[in-house]
Amino acid sequence: MARQQEVAAAIAKAVKDFDEELVLVGLCNSFSVMQAKAVELKTASEAFADRSYQDDGTLTPRSQANALIVDQDKMLQQVLQIILQKTVTTVSGKNISMHADTICIHGDGPNAVEFAKTIYHTLKQNNIAIKSF
C-alpha cells in the first residue's frame, strides 16, 4: 500500500466507504497517505522508531542487516530527530524530510516494551506534546 498507488487508492476508497470518520495511518510520504488525502480521509503519517530508512523514505528491507534498530540510544536519537527536526538520517547518512503524526514500534522487536517506555518518559520529561487522535 505504501509503494503501490493503485493498492493505496483501493484501500483508501474502501476505508472511506466503510466509515469516513476513520483515520488512515500510513508511512510518511507514501502513496497510502497521499491517496487517503485524495479521497478526503483523515490521515496520520507514521514513522518508525525501530527501523532504518532508505534515501527515498522507504523502510530498509528486513532482509538487510541494518533494517532493525536494536540500540536504545540510536532509537531514541532517531525518534527525537523525527519529532524535533522533522527529518530522519538514512542508512547512507543523508537527512531526509520526515513529518510524522505517530511513531510506531514493532511489537515483535526484542526491545519493544523498553523502547515504548523510553520514548514515553523522554517525551514527558522534555515537555514534548503527546497527542491522541
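The values are calculated or read from the model by the stated rules, or taken from the named source; none is laboratory data. The structure displayed is predicted, hence computed values, not measured ones. Cβ coordinates were reconstructed from backbone atoms using ideal geometry, including for glycine residues, and neighbour counts include every protein chain displayed. SASA here: full protein model, heavy atoms, side chains in, ligands and nucleic acids out. Shrake-Rupley method; radii C 1.70, N 1.55, O 1.52, S 1.80 Å.
For the stretch 103-133, the set of residues classified as open to solvent by 70 Å² or more (accessible area, probe 1.4 Å), assigned to a helix (DSSP H, G or I) and not β-branched (Val, Ile, Thr) consists of Glu114, Lys117, Tyr120, His121, Lys124, Gln125, listed by residue number. In the stretch 61-78, the residue that is surrounded by the most Cβ atoms within 10 Å (Cβ to Cβ) out of those that are in contact with a strand residue (DSSP E or B) (Cβ under 8 Å, 6 or more places away or on another chain) and over 19 Å from Ser30 (Cβ atoms) is Ile69. Restricting to the stretch 1-32, name every residue that is assigned to a helix (DSSP H, G or I) and open to solvent by 40 Å² or more (accessible area, probe 1.4 Å). Once the filter is applied, which keeps residues that are assigned to a helix (DSSP H, G or I) and open to solvent by 40 Å² or more (accessible area, probe 1.4 Å), the stretch 1-32 yields Gln5, Glu6, Val7, Ala10, Ile11, Lys13, Ala14, Lys16, Asp17, Phe18, Phe31.
Looking at the stretch 38-57, which of its residues are closer than 29 Å to Lys117 by Cα and in a loop (DSSP other than H, G, I, E, B)? Within the stretch 38-57, Ala49, Asp50, Ser52, Gln54, Asp55, Gly57 qualify.
What about Gln35, is it part of a loop (DSSP other than H, G, I, E, B) and either over 21 Å from Phe115 (Cα atoms) or more than 18 Å from the chain's Cα centre (by Cα) (or both)? No, not satisfied. For the stretch 76-92, state whether one or more residues are closer than 23 Å to Ile119 by Cβ and among the small types (Gly, Ala, Ser). Looking for residues that are closer than 23 Å to Ile119 by Cβ and among the small types (Gly, Ala, Ser), one finds none in the stretch 76-92, hence no.
In the stretch 41-56, the condition of being open to solvent by 50 Å² or more (accessible area, probe 1.4 Å), at pLDDT below 95 and either farther than 30 Å from Glu6 by Cβ or of a type in the set (Gly, Ala, Ser) (or both) is met by no residue. Figure legend. Inter-residue proximity from the stretch 14-27: first residues touching a residue at least 40 places away in the same chain (Cβ under 8 Å), second residues open to solvent by less than 100 Å² (accessible area, probe 1.4 Å) and polar (S, T, N, Q), beta-carbon distance below 7 Å, spacing 6+ or different chains. Indicated pairs: Val23/Thr43; Val25/Thr102.
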